[in-house]
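Accompanying notes for the structure given below.
The values are calculated or read from the model by the stated rules, or taken from the named source; none is laboratory data. The structure presented is a predicted model; accordingly, all values stated were derived computationally and were not measured. Note that each Cβ is placed from the backbone with ideal geometry, even for glycine, and that neighbours are counted across all protein chains shown. Surface accessibility is based on the protein's heavy atoms, side chains included, excluding ligands, DNA and RNA. Shrake-Rupley method; radii C 1.70, N 1.55, O 1.52, S 1.80 Å.
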Amino acid sequence: MRCSGCTTVWYCNNSCQKTDWNLHKRECSALQKWAKAAPSDALAVPSDAVRCLGRILRQIKSRGLDSDWSKEIQAMQSHRVSLQQPASVEAHTHLAHSVVRYLGLEAPYELEEFGVRSAGDLVDLISRFSTNTFALTSPSLTPIGVSVSPLVALINHSCIPNAVVVFPRSGKNHVKEPIMNVVSLRDIAAEEEVLTAYIDTTLPKSQRQKVLEETYSFTCQCPLCKQDSTIFDPREALWCPSSCGGTCPLPNEENPLSRCTKCKVAITDPHGVMDAARIGQEALDKATFLQSCDYSKAKQLTTNVIPILLSAGLTPSCHPLLALLKLHQSLLVSSFSDELSQELLDESIRTAAKHTTGLSAVLDEGHPVRGVTLAELGKLLAVDEPAPSSPPQTNTFPPSGPARLKMAYETLLRARKELLVGFGRDNDGGEVGQNVRDSIVSLEKELGVWTTGVRNALEDIPRPVRASSGR
């Protein structure tokens, strides 16, 4: 259902719309004014950050500066004094101007009723928001907005977290959904600190440190970031050039010499590998930008670049190949609505399998990203084949016929196990875990039909009868 006033905000049902009206009625006219003043349709809707900050300031105004809610917001950490990067200063300034315009204010003193009495107060608010927000995601972890929780924001960061922040949609309370959950990934001992990851931990150390410094103003000292550079990291790895089954560290400008950790054979063309990785990163940045405005070009880019990285020897867990596999899978699946061919389905499955393999090397078992990725692979394997091979192939990947269904079933069982951890057993694995459970039941029935059909066919085959000897 769409709001008839601003025609911008959509709701899943009438109940959801009524629940949100208390907040939306204050922003409805602001959205309309923003759209009228926008220079183009592409800019007709303010960013999630602007809308969220608008809601925060209106809440502060309506609840009062002395309310517990307002005090919790004001108590969140600000990094205003440490803002030094020109890009960060520019981003904060732009966001501040956008929020003021969104609220329909014309003079600085008008901000006082929102608790903002100076330019420093406004920068503090922007900094608190930027430092303490969480991505609001769908049950399958697709980012759909931003959210703020002063309580959950108190949790510190680690690149090897023991907990995750998710929105499982367990189905227990539809009215209040989405509900933020902090779910433990393993047993956490008494007095042990609860730690979540603020960033994508599949990134290599240099990129993780860069994002954390720019956004959160600190240098991570977790065990993964502090480990010796000589220790193997699957995020920066190549297959052994002599095919011994071992791996080599990804060469870089500071240390171009790289040897297999198993057989000690050196990489013969380190600069070629570095060039491939650089091309891969550029392609990833460009394809990520293009995916929403020119899907075909984005898919062509990932289709052309992934083989280059595979030829260079990058393992599926290595950046930027892992990220490109994820993006390529998404682009391929988006093509299903056009016309699903056997070739397209099989390529999607192979890409998803490589992506799953890569994630398994860098994320702990039970991580919700691993669970969702396994679920996606299992569901792809369960899709009806448009043109299955006859007779069914079992010695190729992906297999065909009953062997494919069996693989789908086994993959979904693994996904279900990990989803129960990543989204919480009390949540029954969240909405994704419940959907996977239903798919498993459906596949059990389908496999049962296959088994029964084969058994019946065998029973219908006439058995040879030996002729009796006459007397």
Counting only residues that are at pLDDT 95 or above and open to solvent by less than 20 Å² (accessible area, probe 1.4 Å), how many does the stretch 203-219 have? 2
Report whether or not Ser98 is touching a Leu at 6+ places or on another chain (Cβ under 9 Å), among the hydroxyl-bearing types (Ser, Thr, Tyr), buried (at least 17 other Cβ atoms within 10 Å of the Cβ) and in a loop (DSSP other than H, G, I, E, B). no
I need the full set of residues from the stretch 371-406 which are closer than 17 Å to Phe423 by Cα and open to solvent by less than 30 Å² (accessible area, probe 1.4 Å), in order please. Gly371, Val372, Thr373, Leu374, Ala375
For the list (1) under 20 Å from Val211 (Cβ atoms); (2) modelled with pLDDT under 90; (3) not basic (Lys, Arg), I need the number of the one condition that Val81 fails. (1)
State which residue is farthest from the chain's Cα centre (by Cα) when the search covers only the stretch 134-171 and only residues that are among the hydroxyl-bearing types (Ser, Thr, Tyr) and under 23 Å from Gln59 (Cα atoms). Ser149
Do any residues in the stretch 205-223 that are touching a residue at least 40 places away in the same chain (Cβ under 8 Å) have Cβ atoms under 8 Å from those of residues that are loosely packed, with under 15 Cβ neighbours inside 10 Å and not in a loop (DSSP other than H, G, I, E, B), where the two are at least six apart or on different chains, and which pairs are they? Glu214/Ala87; Ser217/Ser82
So Leu340 clears everything in (1) at pLDDT 95 or above; (2) at negative phi except one condition, right? Which one? (1)
Taking into account only those residues within the stretch 407-450 that are hydroxyl-bearing (Ser, Thr, Tyr) and at pLDDT 95 or above, which is most open to solvent (accessible area, probe 1.4 Å)? Tyr409
Filter the stretch 79-90 down to the residues that are open to solvent by less than 60 Å² (accessible area, probe 1.4 Å) and small (Gly, Ala, Ser), then identify the one that is farthest from the chain's Cα centre (by Cα). Ser82
Condition first: free of Cβ contacts under 8 Å to residues at least 40 places away in the same chain and touching a Pro at 6+ places or on another chain (Cβ under 8 Å). Now tell me which residues in the stretch 111-136 satisfy that. Ala119, Ala135
Within the group Ala38, Ala75, which residue is in contact (Cβ under 8 Å) with a residue 12 or more places away in the chain and among the small types (Gly, Ala, Ser)? Ala75
Only one residue in Leu322, Leu301, Leu284, Leu310 is closer than 18 Å to Leu359 by Cα and open to solvent by 30 Å² or more (accessible area, probe 1.4 Å). Which one? Leu310
Test result for Ser348, farther than 30 Å from Asn162 by Cβ and either open to solvent by less than 50 Å² (accessible area, probe 1.4 Å) or of a type in the set (Lys, Arg) (or both): yes
Only unsatisfied item for Gly104, checking (1) part of a helix (DSSP H, G or I); (2) open to solvent by 50 Å² or more (accessible area, probe 1.4 Å), is (1)
Return the pairs, sorted by first residue and then second, in which the second residue is open to solvent by 50 Å² or more (accessible area, probe 1.4 Å) and part of a loop (DSSP other than H, G, I, E, B), the first residue lies in the stretch 138-152 and is under 14 Å from Gly371 (Cβ atoms) and touching a residue at least 40 places away in the same chain (Cβ under 8 Å), the beta carbons are less than 6 Å apart, and the residues are 6+ apart or on different chains. Pro139/Arg169
Taking the stretch 220-240 as the search range and keeping residues that are crowded, with 17+ Cβ neighbours inside 10 Å and of a type outside the set (A, V, I, L, M, F, W, C), which one is farthest from Leu363 (Cα to Cα)? Glu236
Out of everything in the stretch 326-353 that is among the acidic types (Asp, Glu) and in a helix (DSSP H, G or I), what residue ends up being nearest to the chain's Cα centre (by Cα)? Glu347
